[in-house]
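A.B. asks: Before anything else, here's the structure in question.
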């Protein structure tokens, strides 16, 4: 499972790295700002891209979670099927050898 | 396993490992930005979810009307993949929706129909596991309903008012975004083929084991 987590992190890094470089992920934005002024009341539509940084939802955690989940789910299922298959195959081989010997254990 | 399996598995692994780099190289979508990149895994996994439900339904129909155990094994394997790819779709979708729509979930027609299809696949597996004798045919009947739900899921965005993107989005993508999407789609299709073959193999071995136990008892 550790391998799966490492793989998931490894393969999601290239997705968010450019965003970190461009500073568009929202990570660490709140920490860099000093006491933002309270927003002025508005009675009209404001596009989400024009909201103050602290009101915007960071995209990177959602993206990383999505990709990590996909990798972990697929890897976990592959491991699960492989383990079930090898268990059944071992039992088949044991029974076949028992039948060949004419005994049953 | 067949001869093609290992080279095919290797190629799939390489393509899957390359897919995040291909996706990262594509420009950001103008209104959603970074989070839209979930789309490149969400849409292919949703396609595999629907494809596996169709495979399960067709194999179940053939099992019901022709009684072929091979088709029953295929249906069982496809039902498990429906649950797997359905889970991926239903997790990645809300992660994208939280940013794009402002909510994790909405009882939209496509989302609700997808959830129902996923629950039908779970019902199939639960009936097979705990249904006792005759559960294979009962489950096959369920799989037909799961398959009937698939066109409903697909066309729902075009017929009902919804905030989910329509099916017409994909053909209108810019070339680079379309290329990344189809690359990812091929990866998922190859993985689906591999997992289905592996899972069918498990059912074949279980059938062989049952036959061996029967031969010992005789």
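Readers should treat all values here as calculations from the given coordinates under stated rules, not as data from a laboratory. Computed from a prediction, not measured in an experiment: that's the story for all the values here. We place every Cβ from the backbone using ideal geometry, glycine too, and count neighbours over all the protein chains shown.
A.B. asks: If you count, for each residue, the other Cβ atoms within 10 Å and average over each peptide, how do B:209-216, B:188-195, B:145-152 line up from highest to lowest? Spell out each step's value before the answer.
C.D. replies: Details: B:209-216: 12.5, B:188-195: 20.0, B:145-152: 18.2.
Ranked from most to least packed, the peptides come out as B:188-195, B:145-152, B:209-216.
A.B. asks: I've got another one for you. At q = 0.19, 0.20 Å⁻¹, what is the base-10 log of I(q)/I(0) for the range B:40-217 according to the Debye formula with one equal point scatterer per Cα and no solvent? Please give it to two decimals.
C.D. replies: Values, matching the q order: -1.25, -1.34.
A.B. asks: Hey, fewest Cβ within 10 Å first, where do A:98, B:136 land in order? Kindly include the intermediate steps, with their values, before the conclusion.
C.D. replies: Numbers: A:98 14, B:136 17.
The most exposed by this proxy come first: A:98, B:136.
A.B. asks: In whole percent, what relative contact order does the range B:40-217 give with Cα contacts below 8 Å and a gap of six or more residues?
C.D. replies: 30 percent
A.B. asks: Could you work out the mean count of beta carbons from other protein chains within 10 Å of each residue's beta carbon in B:11-19? Intermediate results must be reported in sequence, preceding the final value.
C.D. replies: On the way: counts 0, 0, 0, 0, 0, 4, 3, 1, 3.
Per residue, the average neighbour count from other chains is 1.
A.B. asks: What is the fewest-to-most order of B:107, B:101 by other Cβ atoms lying within 10 Å of their Cβ?
C.D. replies: Working: B:107 7, B:101 14.
Ascending number of Cβ neighbours within 10 Å: B:107, B:101.
A.B. asks: OK, next. Is there a simple number for the mean count of other chain Cβ atoms within 10 Å of the Cβ of residues in B:28-34, and what is it?
C.D. replies: Details: counts 5, 0, 1, 3, 3, 8, 13.
Whole-number average of other-chain Cβ neighbours for B:28-34 is 5.
A.B. asks: With the cut-off at 1.5 for a/c, could you classify the range B:1-132 from its C-alpha gyration tensor as rounded, prolate or oblate?
C.D. replies: On the way: a/c = 3.14, a/b = 1.41, b/c = 2.23.
Because a/c hits 1.5 or more and a/b fails to exceed b/c, the range B:1-132 counts as oblate.
A.B. asks: Other chains' Cβ within 10 Å of A:66-73 residues: what's the mean? Can you show the working numbers first?
C.D. replies: Working: counts 13, 9, 0, 6, 13, 3, 0, 7.
Counting Cβ atoms of other protein chains within 10 Å of each residue's Cβ and averaging gives 6.
A.B. asks: Mind pulling the angle between the C-alpha long axis of helix B:135-159 and the longest principal axis of chain B? Nearest 10 degrees, somewhere in 0 to 90.
C.D. replies: 20 degrees
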